[in-house]
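Report on the structure given below.
A short reminder: the numbers here are calculations on the coordinates, not readings from a lab. These figures come from a predicted structure and were not determined experimentally. Every residue, glycine among them, receives a Cβ derived from its backbone with ideal geometry; neighbour counts consider all protein chains shown.
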Amino acid sequence: MWEFTSPRTIVMGEGALEYLRDVEAKRALIVTDKVMHDLGFVSKVSSYLEQAGVEVEVFDEVEPEPSIETVVRGGELAKRYCPDLIVGLGGGSCMDAAKAIWVLYERPDLSVEEISPLVKLGLRKKAKLICIPTTSGTGSEATWAVVITDAEERRKMELASREVVADVAILDPELPSSMPPKLVADTGLDALTHAIEAYVSQWRNDFSDALAIKAIQIVFEYLPRSYRDPSDGVAKEKMHNAATMAGLAFSNSQIGVAHAMGHALGALFKIPHGRSVAVFLPYSIEYNSSEALDRYAEIARAIGVDARDSEEAVSKLVEAVYGLLREVEEPCAVKEMGIDRSSYEQRLEDLVERAMQSTATIANPRVPGVEDYRKLFLYAYDGKRIDF
Ligand SMILES: [Zn+2]
């Protein structure tokens, strides 16, 4: 038995934000950050909500990779303000913080760490959740994932619950139009990694497959355009949709080894999420291909690769991923990220240990042990092809 969970409503396309004009609620708490203020998005969302007769309060203290302390503060505000609608506005950090704040508000007896697929949360007794992404990558608007950082231990907690999937996701292509190119590349590659990992996961299913493969096709076709030309509205809209589709795919399948490694690298060396997972993507494909050759070959064919057999298709897929990374000027190996070898090697055991603790590889086609992880991290540092 398998459950497919998604937002009840996904509003997309030009003018999607206007959906808020007809929202039914009394008091909304917008969970966001200062950048959203400066870009004018908070006032735009507030004004639509006010047109619907909704009172608005704003919590704009979310930092990149939100900490436990931040969401606890947001939870306290929610308990005082008593909203019947929570709006997560921003990138993955803002939306993940909104989910966690929502849980703390509805379940004051719980702590953030207790958010788990195994715990019945009983949400939606006090409020509903609308997520409005302003980047095109994390897919948080459609997923069950909540990534909160334990700042003291520099550890990313990979929390999840089907109940935290938003009621409504609003995909307005005007919002990601203001992303700088580097952020377009980082977030777009995160979406690609979600989709490819979801497609080969052992928990994949026909529904996640369909969303993953379409998202992969869109990213290969439109990410370079979106990166090169900020005014390319078609590419921006396509990438915005692809990110949500990839989110739906992995949320109903699972991510994999590139995310396990990327979370470790990102936490220890402060690398943005998308960049830190995407750098491991080609290596993860080569590593997994002994167990998932035909699945990767299907992906290769879906993006137009012509090959005699599955081996050739997968090797061309790896080349295509490297090609895309270069096209959007992202690193193809860890050594290109400004991390010197000695500090990387010094932290190798820590990287391996963190990756081993990650839940991302539960359903990975090939489950790495300590020795494999050591080699994977070292090969990916040098840009060496996987031969084990
Ligand atoms: Zn990701």
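A Cβ-based charge dipole, computed about the Cα centre of the range 96-250 with Lys and Arg at +1 and Asp and Glu at -1, lands at about 220 debye.
Normalised by residue number, the volume inside the convex hull of the Cα atoms of the range 301-388 is 123 Å³ per residue. Just add up the charged neighbours of Gly74: K/R +1, D/E -1, any other residue whose Cβ is under 12 Å from the Cβ of Gly74. Taking every other residue near Gly74 into account, the sum is -4.
Charged side chains reduced to their Cβ positions (Lys and Arg at +1, Asp and Glu at -1) give the range 9-176 a dipole of some 520 debye around its Cα centre. Positive end of the dipole of the chain (Cβ unit charges, origin at the Cα centre): among Pro64, Leu171, Gly137, the Cα lying farthest that way belongs to Leu171. The C-alpha atoms of the chain occupy a region whose extents along the principal axes are 60, 44, 42 Å, arranged from largest to smallest.
Within 10 Å, count the other beta carbons around each residue, average over each peptide in 358-371, 279-292, 131-144, and list them highest first.
Descending mean neighbour count gives 131-144, 279-292, 358-371.
Annotation note: trypsin sites (Lys or Arg not before Pro) in the range 148-188 located in DSSP loop regions with a Cβ neighbour count of at most 14 within 10 Å are Arg154.
Between rounded, prolate and oblate, where does the range 63-201 land on the alpha carbon gyration tensor, with a ≥ b ≥ c its root eigenvalues, rounded for a/c under 1.5, else prolate if a/b exceeds b/c? Prolate. When you count the other C-beta atoms within 10 angstrom of each residue and take the mean per peptide, 188-197, 238-247, 166-175, 20-29 line up highest first as 188-197, 238-247, 166-175, 20-29.
So, by mean Cβ neighbours within 10 angstrom, what's the order for 372-381, 320-329 with the highest one leading?
Per-residue mean Cβ counts within 10 Å order the peptides as 372-381, 320-329.
With helices as the sole contributors, the chain gives -16000 deg cm²/dmol at 222 nm; each DSSP H run of n ≥ 4 counts as -39500 (n - 2.57), and the sum is divided by every residue. Both radii come from the Cα set of the range 146-268: Rg as radius of gyration, Rh as Kirkwood radius; their ratio Rg/Rh reads 0.98.
Placing R0 at 35 angstrom, the Cβ-Cβ distance between Val367 and Asp109 gives a FRET efficiency of 0.50 after rounding to 0.05.
Here the chain carries DSSP beta bridges of which approximately 20% are antiparallel, counting only pairs with both residues inside. In this Cβ point-charge picture (+1 for Lys and Arg, -1 for Asp and Glu), the chain has a dipole of about 340 debye about its Cα centre.
Classification of the range 153-211 by its C-alpha gyration tensor yields a rounded form. The axis ratio a/c (a ≥ b ≥ c) stays under 1.5.
The aspartates and glutamates within cross-link reach of Lys128, meaning a Cα-to-Cα straight distance under 12 Å and a gap of 8 or more places when in the same chain, are Glu24, Asp84, Glu106, Glu163, Asp167. Note on the chain: dipole from Cβ charges, positive end direction compared against Leu293, Leu317, Ala307; the farthest Cα belongs to Leu293. With 10 Å bins beginning at zero, the pair-distance distribution over Cα atoms of the range 179-382 amounts to 10, 38, 38, 14, 1 %. The local environment of Arg124, defined by Cβ-Cβ distances under 13 Å, has a net charge of +4 under the rule Lys, Arg +1 and Asp, Glu -1.
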